[in-house]
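The values are calculated or read from the model by the stated rules, or taken from the named source; none is laboratory data. Every value quoted in this text rests on a predicted model; they were computed, and no experiment measured them. Quick reminder, even Gly has a Cβ in these numbers, built from the backbone with ideal geometry, and neighbours come from all protein chains shown. The accessibility values were calculated without ligands, DNA or RNA, using every heavy atom of the protein model including side chains. Shrake-Rupley method; radii C 1.70, N 1.55, O 1.52, S 1.80 Å.
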Amino acid sequence: MLLLELRADCNKGLISVKQLGTNPTSVDNVVVGKGNQVTLKPGQRLHMVNQLYPYTVSFSEDTSSPTSAREGSKSNKRPLQRDEGEKESPARKVAVSSHREREADDPPLAEKAKPASAEVEPSFSAGHWNQGLKVSMQDPKLQVYKDEKVVVIKDKYPKARHHWLVLPWESIPSLKALRLKHCDLLKHMQHVGGSMVQQCPDGQKLRFRLGYHAIPSMSHVHLHVISQDFDSPCLKNKKHWNSFTTDYFIESEDVIAMLERDGKVAVKDGTSELLKLPLRCHVCHKEQATIPKLKDHLKTHLTS
Ligand code: AMP
Ligand code: ZN
């Protein structure tokens with residue numbers, strides 16, 4: 001018999017709890033009642049069955065199944081090739097873990113909590129590698145700015161000296177999902193991205209661009225705010241380079257203009273082919289034979 005239904009909202013960091021059965025469930029000692037639904041915040045105490053089973057719920061990263069999500073099927077292949085660091089990192093998963101708060105002589109969690117957790121297993125998983133931003137954006141240690149609409153994190157594999165991602169709290173999977181109603185949000189994202197540049201010590205010295213990858217690899221709309229030095233060991237291959245220096249990178253202003261004009265964002269046919277273009281310096285447009293040669297060449301454009 002199902003006691004409870006738990007649904008996690010990863011973006012808001014909340015769990016919705018619905019009592020399905022008659023066994024009394026309470027959140028911080030307030031009874032939910034059969035058929036009712038309440039919100040459980042991290043740290044609040046969930047009791048099931050007459051105060052017998054206390055749980056707290058936390059959002060955590062589960063690194064126990066390395067690469068499984070990516071190795072599982074061909075469809076997991078991402079369009080933008082991941083670099084070494086990204087490939088070797090374990091598959092990340094948001095786990096809604098129920099921590100039993102019992103005395104020290106309690107049997108191990110796995111043994112004793114199993115029947116209950118099997119009954120309340122949440123229908124939520126963000127284990128696929130392309131869900132990584134949803135995990136990172138929730139991590140206070142990674143957040144460099146946040147307000148009621150957006151959060152800014154550092155790109156985990158920065159392709160330049162300064163590389164941030166601005167993400168809305170609202171769950172918007174990709175550019176394709178954007179509609180006219182999102183214009184104000186995108187303008188705010190751009191404004192916040194601009195403030196990041198203004199507050200950056202190199203903000204005056206370096207040029208920055210704010211934009212979106214036409215075909216993103218990671219889920220959840222994210223605005224790249226990236227300095228144009230491209231001075232980073234994480235920039236390793238042609239796809240990385242071309243994704244930021246060809247029309248694969250769409251200026252934030254252009255995305256907003258397109259939305260205002262057409263009510264949606266259209267990506268041109270053949271956009272993915274742009275990633276295969278020859279390596280060309282984004283400053284002087286001279287073609288470069290290899291990534292190491294390009295990197296050497298880029299140094300000639302650096303002011304310091
Ligand atoms: P794209 O989806 O192609 O627009 O780019 C996704 C960006 O997210 C890349 O610049 C990655 O380096 C970056 N990235 C990938 N995983 C994470 C993560 N877990 N946290 C922060 N940034 C990430
Ligand atoms: Zn050049």
Scan region 192-236 for residues that are touching a Gly at 6+ places or on another chain (Cβ under 8 Å) and farther than 12 Å from residue 160 by Cα and jot them down. 197, 210, 218, 223
For region 135-150: of the residues being among the hydrophobic types (A, V, I, L, M, F, W, C) and more than 11 Å from ligand 1 (Cβ to nearest atom), which is nearest to residue 191 (Cα to Cα)? 150
Test for residue 230: is it under 27 Å from residue 200 (Cα atoms), open to solvent by less than 20 Å² (accessible area, probe 1.4 Å), touching a strand residue (DSSP E or B) at 6+ places or on another chain (Cβ under 6 Å) and within 13 Å of ligand 1 (Cβ to nearest atom): no
Residue 268 - would you say it is modelled with pLDDT under 95, more than 16 Å from ligand 2 (Cβ to nearest atom) and open to solvent by 20 Å² or more (accessible area, probe 1.4 Å)? yes
What are the residues in region 273-294 that are open to solvent by 60 Å² or more (accessible area, probe 1.4 Å) and not in a loop (DSSP other than H, G, I, E, B), if any? 273, 276, 280, 287, 292, 293
